[in-house]
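Novice: Would you mind keeping the following structure in view while I ask a few things?
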Amino acid sequence: MKSTKAVVKMMEAQKGDESIAPLIEEVLGRLGEDPKRDGLVRTPERVDKALRFLTSGYQMKIEDILNGALYEVKYDEVVVVKDIEFFSLCEHHLLPFYGKMHVAYLPQKKVIGLSKIPRIVDMFARRLQIQERLTQDVAQTLQQVVEPLGVGVICEAKHFCMMMRGVEKQHSLTVTSAMLGVFKTQLQTRNEFLSLVRRNGSNF
Ligand SMILES: [Zn+2]
């Protein structure tokens, strides 16, 4: 039988709010470091804080982000928000991957406040991710909340797990895309999006 205290502690851990600092201290020791030396004394606490920020997307809700910023507007041209910077953590190595996302949609009845699109990107980037799913998450969410005729998302990223270890390729760029609705079925719409993204170059 587990004591009440142990059960309460487990429940706290399930909520994800129990500090991971003691575990980081353990990790530092196992890496052969001295967790008590000056520079490292407060590192476990800092890592706890940093990881919580970098995974804060789990606590974000789409309703809070939208906050009513959907407008009925007669506009039937493609809307594109280019070069949205993002930083994420790969779920395989817990190393960063970062880059730019280009998001487009073709409105049907509603448009979304433009500043909301980067916030939707952040909501999904600040989780443990793989680039393919991050790209889909953003596209599907926009499709669901705005109900446009289609959504296009292109994501270009560099992965530290490829740059610092593994194949050690510092300059390779991984590109993923998600095309929904008319962005999938109509070549003209997709090409319009691609040419808008290519203009001025989108390299970083
Ligand atoms: Zn990785």
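The values are calculated or read from the model by the stated rules, or taken from the named source; none is laboratory data. These numbers were taken from a predicted model, which means no experiment stands behind them. In this analysis, Cβ positions are derived from the backbone assuming ideal geometry, glycine residues included, and neighbour counts consider all displayed protein chains. Just the protein is used for accessible areas: all its heavy atoms, side chains included, with ligands, DNA and RNA removed. Shrake-Rupley method; radii C 1.70, N 1.55, O 1.52, S 1.80 Å.
Novice: With angles folded into 0 to 90 degrees, how steeply does helix 21-30 sit against the dominant principal axis of the chain? Use alpha carbons for both and round to 10.
Specialist: Roughly 70 degrees between the two axes.
Novice: What FRET efficiency do you get for residue 64 and residue 128 if R0 is 25 Å and r is their Cβ-Cβ distance, rounded to the nearest 0.05?
Specialist: Efficiency computed from Cβ-Cβ geometry: 0.75.
Novice: Note the angle between two axes, namely the Cα long axis of helix 43-54 and the longest principal axis of the Cα atoms of the chain, as a number of degrees from 0 to 90, rounded to the nearest 10.
Specialist: Tilt of helix 43-54: around 20 degrees.
Novice: State which entries of 82/169; 61/158; 82/116; 49/116; 49/82; 74/184 exceed 21 angstrom in Cα-Cα distance in the structure shown.
Specialist: Checking Cα-Cα distances, 82/169; 61/158; 49/116; 49/82; 74/184 exceed 21 Å.
Novice: If you take every DSSP beta bridge whose two residues both sit in the chain, what share of them, in percent to the nearest 5, is antiparallel?
Specialist: Roughly 95 percent of the beta bridges in the chain run antiparallel, per DSSP.
Novice: Same structure again: Take the solvent-accessible surface of the protein heavy atoms, probe 1.4 Å, and return the percent of it on the chain that carbon and sulfur atoms account for.
Specialist: Here it works out to 55 percent.
Novice: Right, here's the next one. Evaluate the charge dipole of region 143-204 about its Cα centre and quote only its size in Debye, nearest 20, assuming +1 on the Cβ of each Lys and Arg and -1 on the Cβ of each Asp and Glu.
Specialist: 180 debye
Novice: Another question about this same structure. If you put +1 on each Lys and Arg Cβ and -1 on each Asp and Glu Cβ, how big is the dipole of the chain around its Cα centre, in Debye rounded to 20?
Specialist: Charge dipole, the chain, about its Cα centre: 60 debye, nearest 20.
Novice: In region 53-160, with Lys and Arg counted as +1 and Asp and Glu as -1 at Cβ, which of these residues, 80, 135, 92, has the Cα nearest the positive end of the dipole, that is, farthest along it?
Specialist: With unit charges placed on the Cβ atoms, the residue in question is 92.
Novice: Helix 116-125 versus the longest principal axis of the chain: what is the Cα-based angle in degrees, 0 to 90, to the nearest 10?
Specialist: Rounded to the nearest ten degrees, it is 40.
Novice: About the Cα centre of region 74-168, how large is the charge dipole given +1 on each Lys and Arg Cβ and -1 on each Asp and Glu Cβ? Please answer in debye to the nearest 20.
Specialist: The dipole of region 74-168 has a size of about 240 debye.
Novice: Related question: By the gyration tensor of its Cα atoms, with a ≥ b ≥ c the square roots of the eigenvalues, what is the shape of region 161-201: rounded for a/c under 1.5, prolate for a/b over b/c, or oblate?
Specialist: Oblate is the answer for region 161-201, as a/c is 1.5 or above yet b/c matches or exceeds a/b.
Novice: At 7 Å along the Cα-to-beta-carbon direction for both residue 21 and residue 40, put a label point, then send me their distance in nm to one decimal.
Specialist: 1.7 nm
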